[in-house]
Amino acid sequence: MPFSPAEIQFDPLSRVWLLRTPRTAYAVRLDTDDVPRNVHWGPPLTLGQILDLPPSRRPPRDSSFESPAGEGGELAADGFGPHGLAVRFPDGTSALEWVFTEHEITPEGLTLHLRDRHYPLTVELHYRLHPGSDAITRWTVLRHTGGGEPIELVRADSAAWTAPLRPAYRLSHATGAWTSEFQLERVGLPIGETVLTSRRGISSHHAHPWLMVDEGTAGEDHGEVWSTALAWSGSWRITLDHAPTGRLTWTGGFGHDGTTWRLHPGETWQTPEFTGLYNDGGFGGTSRAWHDHIARHVLPAPDELRPIVYNSWEATGWAVNEGNQRQLAARAAAIGAELFIMDDGWFGARDSDEAGLGDWTVNPDHFPDGLDPLIAEVHRLGMRFGLWVEPEMANPDSDLYRAHPNWVLHQPNRRRTTLRNQLVLNFARPDVADWAHKWLDALVRDHAIDYLKWDMNRAFTEAGWPDAGPDASRLWLDHVRGVYSIIDRIRQDHPHLRIQACAGGGGRSDLGMLGRTDEVWISDNTDAADRIAIQHGYSQLYPARTMAAWVTDSPNFLTGRSLPLRFRFHVAMAGVLGIGGNLLEWTETDLTEATDLTALYKQIRPTIQHGTQHRLGTHAARTAVQYTSPDTNHLVVLAWQLPRPINQPAIPTRLRGLDPTATYRDQDTGIHHHAAVLMTHGLDLDLPTDNASTLIRLTRVP
């Protein structure tokens, strides 16, 4: 059920709004200049307590070198800090002066309406509450209400956020690169501005559009954390401003520096959603709150158990044909896979990455009888069938590009750089978007496709749109909106279809894409040892039910590292299990072990995918993760031992979040454990050697 209007309160005398979530409060006050400013974001307070808070602080009166504006603006459109809204009116004016006009309180949230005192620009600040969640989702709507010339938008962020005053602040975020995504970084915030951004046209492998802030003392299980996540899958920017006054604010939204566009008369412009969440349970509590919010309010089909995938890419590469795919499908079904995905190489003149992208018809040399016989065989084996697609790309060596060279991103009188031998199609163009929807719709409808792996394998370069003239920069934004629109239409037309988001691995992992897809391929690096850190960083915000993870061959094709099959399975079991090795070359021993481990995963899958996750920390290169079923009756612990320094003691692993009066039985050994002992003393894990792993299943004793 939606929140009742009573969850949002307004005091007209002080012009304060209070938004209450189950465990937190957020309050906004209009100052004397009609600028909305944050006055509280944190533990629950009543409206009366909020009214006792002092107004936003202003700089010392004897300084003429500080901004006359107060701190904590919800719009970040004034003062000397980073502006989240920056415009240029036709006469060159860029300053904004607001007049508050009205507010709306609905069962879902709050909207504040403002207009510029002189120019034809209105702004709506939106706040949405979510049942059972402490998350507050915000966005901004701009309208050009006059005639005449356009208003130039230099920057149009979704929201600005303000942390309470603390002695110091620490920033947590994820960095990385292709094959090393989601590397968690925690650093103290210096005085000044810190910018997190992607200029690549995607949310990127190198930075991710979320952050967490604490005062430097929070741990996995304790401390206050303020966090935000942007629901956007293109270029983005978040700027944190730690002012000399001590105040920390940040503003964020789509686009990056240097990108401007125009708001035309009568036009409305809506930003992506930017969601914030306060939690006093440390980084672990913050992660679990995000996991729950994403499952309840973001994912399109959150209650489904994700199937076990077999993907043929690492087995056959581009050399796919009906014969080898049938052989792989038979092996995959025998070990327990539920979804067979044929990757790249099935279409056009696709014998390598040099040709064929854009020509989405079946390759007659690889599949003389088309796809239907293979699909029928996969279905006969009891599996669903999926295909890899990369709709946003074209090879110069393709029939599509030869027919429509202007469909790709390009600039006049500049070369067209190829990366991975491909160019980016401009999905901001309606004709390109219509073409993509048409062939995707026909592919799914005509061939009984159950699943699409939607890939995107290069960043933007020469990002131009000559036909758009002065509005060419809109392609950075409208391309993403075009992708969203196509996915939304395809899912609406084919409700059974499920989609995996991929961009060379984790290059487009964000709430915008998760709102439309079912899981994310978080990295092309399937080395299980490397995956532990990648999955740890991913879990800071995103739940296990969205994390696709494969068991592949050893030695790993990318790193050359050899790891036991059991270890590789245990790492992949921490999310949505998939298999991507060449099963035709696995030994009978390997196939038997894989069959047993796949069957085991099916037993624990409800707890892994729908349970509560606790990261149990790292000691002497030992990492463990705990999952507790929603009814708390089942518990799964996965642990991995990487190479460790000599003579390091084996410290027991302390479990988390259990009822201290409960008793649990180990399903494999029959040993009983008191929950209080598991949480205080810990569980002794049998990991005697490097690259050992274990999976422990505990069931609550009635």
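The values are calculated or read from the model by the stated rules, or taken from the named source; none is laboratory data. None of the values given here were measured: they were computed from a predicted structure. Ideal geometry is used to build each Cβ from the backbone, glycine not excepted, and the neighbour counts take in all protein chains shown. The accessibility values were calculated without ligands, DNA or RNA, using every heavy atom of the protein model including side chains. Shrake-Rupley method; radii C 1.70, N 1.55, O 1.52, S 1.80 Å.
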Fill in: Net charge, residue 84 excluded, C-beta distance under 12 Å - Lys, Arg +1, Asp, Glu -1
-1
Worksheet entry | Shape category assigned to the chain from the gyration tensor of Cα positions, a/c cut at 1.5 | oblate
Worksheet item: Could you give me the ³J(HN,Hα) list for the stretch 226-239, computed from phi with Karplus coefficients 6.51, -1.76, 1.60 and θ = phi - 60°, whole Hz, x at Gly and Pro?
Response: 10, 9, 9, 9, 9, 8, 8, 10, x, 4, 8, 8, 10, 10
Worksheet item: In the stretch 267-417, what percentage of the DSSP-assigned beta bridges are antiparallel, given to the nearest 5?
Response: 10
Worksheet item: Remind me, relative contact order of the stretch 560-682 in percent, using alpha carbon pairs under 8 angstrom and six or more residues apart?
Response: 17
Worksheet entry | Whole-Hz ³J(HN,Hα) from phi, Karplus 6.51 cos²θ - 1.76 cosθ + 1.60, for the stretch 13-18, glycine and proline x | 5, 8, 6, 10, 10, 10
Worksheet, complete the sentence: Computed from the beta carbon distance with a Förster radius of 41 Å, FRET efficiency for residue 679 and residue 141 to the nearest 0.05 stands at 0.30
Worksheet item: In what sequence, largest accessible area first, do 292, 478, 668, 214 appear using a 1.4 Å probe?
Response: 668, 292, 478, 214
Discussion item. Only four residue types carry charge here, +1 at the Cβ of Lys and Arg and -1 at the Cβ of Asp and Glu. Report the dipole size of the chain about the Cα centre in Debye, rounded to the nearest 20.
Written reply: 1040
Fill in: Built amide H within the under 5 Å cut-off of residue 663, gap 5+
675, 701
Worksheet, complete the sentence: Sorting 250, 265, 212 by the position of each Cα along the dipole of the stretch 208-270 (Lys, Arg +1; Asp, Glu -1; all at Cβ), the one nearest the positive end of that ordering is 265
Discussion item. List the residues, sorted by chain then number, that are 5 or more residues from residue 223 or on another chain and whose placed amide H is less than 5 Å from its amide H.
Written reply: 282
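What does the highest-first list of 572-581, 187-196 look like by mean Cβ count within 10 Å?
Descending packing order for the listed peptides: 572-581, 187-196.
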Discussion item. List the residues, sorted by chain then number, that are 5 or more residues from residue 179 or on another chain and whose placed amide H is less than 5 Å from its amide H.
Written reply: 506, 524, 525
Worksheet item: Distance from the Cα centre of the stretch 521-554 to that of the stretch 383-459, in angstrom?
Response: 27
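Report, for the chain, the % of DSSP beta bridges that are antiparallel, rounded to 5. Display every interim value, and only then the final one.
Details: 125 of 152 bridges.
Taking every DSSP beta bridge within the chain, about 80 percent pair in antiparallel fashion.
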Worksheet item: Whole-Hz Karplus ³J(HN,Hα) for the stretch 602-618, in order, using 6.51 cos²θ - 1.76 cosθ + 1.60 and θ = phi - 60°, x for Gly and Pro?
Response: 4, 6, 9, 3, x, 6, 5, 7, 10, x, 9, 9, 10, 7, 9, x, 10
Discussion item. Test of understanding: given the chain, find the longest segment containing no trypsin sites (Lys or Arg not before Pro) that are in a DSSP loop and have at most 16 other Cβ atoms within 10 Å.
Written reply: 118-413
Worksheet, complete the sentence: The size of the Cβ-based charge dipole (Lys, Arg +1; Asp, Glu -1) of the stretch 562-640 about the Cα centre, to the nearest 20 debye, is 360
